[in-house]
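The values are calculated or read from the model by the stated rules, or taken from the named source; none is laboratory data. Note that this is a predicted model, so its numbers are computed, not measured. Cβ placement follows ideal geometry from the backbone for every residue including glycine, while neighbour counts extend to all protein chains displayed.
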Amino acid sequence: MLFFTHLLLGLALFLFTKDFLQGGNAIIIFGLVLLGSILPDIDSEESKIHRWSGIIGRIITFFSRHRGFFHAMFLYVFLAAAISYFFGAYYGLALLIGYFAHLMGDMLTLDGVAPLYPFSKRRISGPVRVGGILEAVVVVILLGLIVWKIIK
Ligand SMILES: [Zn+2]
């Protein structure tokens, strides 16, 4: 999935879960969901988050291949637990929701993603070619859902 599609997925999931995220600062929660929705692609040299992260991204791509450890759920469960412990459960949950938005997006793609890596290399994939016509359909559906959720 492209950067913009991942952001839309994050925004959509935020809109559909925000009523459950009681407490905390709404802008920080929104930011954490969006961050979670693009963070896994830090393991791809072509991604925006990789370029923005500078040396951190370069270290990550040196040690991890794309859609490997940094796309698996264990890192985000750990990060969410740490954020929850230090700052509040709603912030940890917000990052996790963003991550799940990313995971859902990549699961729709031909390459798929292995959420239980490294314990299981089983990948879940779908019919969407990154940047292809089906991704455009996903974008239109997401835009529709987002507009519907905002105006209803
Ligand atoms: Zn990804």
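Residue by residue, here is whether (1) farther than 15 Å from residue 99 by Cα; (2) within 16 Å of the ligand (Cβ to nearest atom) holds:
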site: 17; (1), (2): no, no
site: 33; (1), (2): no, yes
site: 36; (1), (2): no, yes
site: 47; (1), (2): yes, yes
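Within segment 125-144, how many residues are at pLDDT 95 or above and surrounded by 15 or more Cβ atoms within 10 Å (Cβ to Cβ)? Steps first, answer last, please.
Filtering segment 125-144 down to residues at pLDDT 95 or above leaves 125-129, 132-144.
Remaining after also requiring surrounded by 15 or more Cβ atoms within 10 Å (Cβ to Cβ): 126, 128, 134-135, 138-139, 142.
Summing the residues that are at pLDDT 95 or above and surrounded by 15 or more Cβ atoms within 10 Å (Cβ to Cβ) in segment 125-144 gives 7.
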Taking segment 90-119 and keeping only residues that are assigned to a helix (DSSP H, G or I) and of a type in the set (A, V, I, L, M), one is left with 93, 94, 95, 96, 97, 101, 103, 104, 107
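Determine, yes or no, whether residue 43 is acidic (Asp, Glu) and in contact with a His (Cβ under 8 Å, 6 or more places away or on another chain). Working first, answer last.
Numbers: acidic (Asp, Glu): yes; in contact with a His (Cβ under 8 Å, 6 or more places away or on another chain): yes.
So residue 43 fits the description; yes.
Being hydroxyl-bearing (Ser, Thr, Tyr) and within 16 Å of the ligand (Cβ to nearest atom) is the filter; apply it to segment 72-123 and report the residue that is surrounded by the most Cβ atoms within 10 Å (Cβ to Cβ). If you could, list the steps in order and put the result at the bottom.
From segment 72-123, those hydroxyl-bearing (Ser, Thr, Tyr) are 76, 84-85, 90-91, 99, 109, 117, 120; that's our starting set.
Restricting the remaining residues to those that are within 16 Å of the ligand (Cβ to nearest atom) gives 76, 99, 109, 117.
Values: 76: 23, 99: 28, 109: 22, 117: 20.
So the residue we want is 99.
Any residue that is surrounded by fewer than 16 Cβ atoms within 10 Å (Cβ to Cβ) and farther than 22 Å from residue 108 by Cβ - is there at least one of those in segment 6-21? Break it down into steps so the answer makes sense when it comes.
Step one: list which residues in segment 6-21 are surrounded by fewer than 16 Cβ atoms within 10 Å (Cβ to Cβ), which gives 16, 19-20.
Now drop any that are not farther than 22 Å from residue 108 by Cβ, which leaves 19-20.
Checked segment 6-21: at least one residue is surrounded by fewer than 16 Cβ atoms within 10 Å (Cβ to Cβ) and farther than 22 Å from residue 108 by Cβ.
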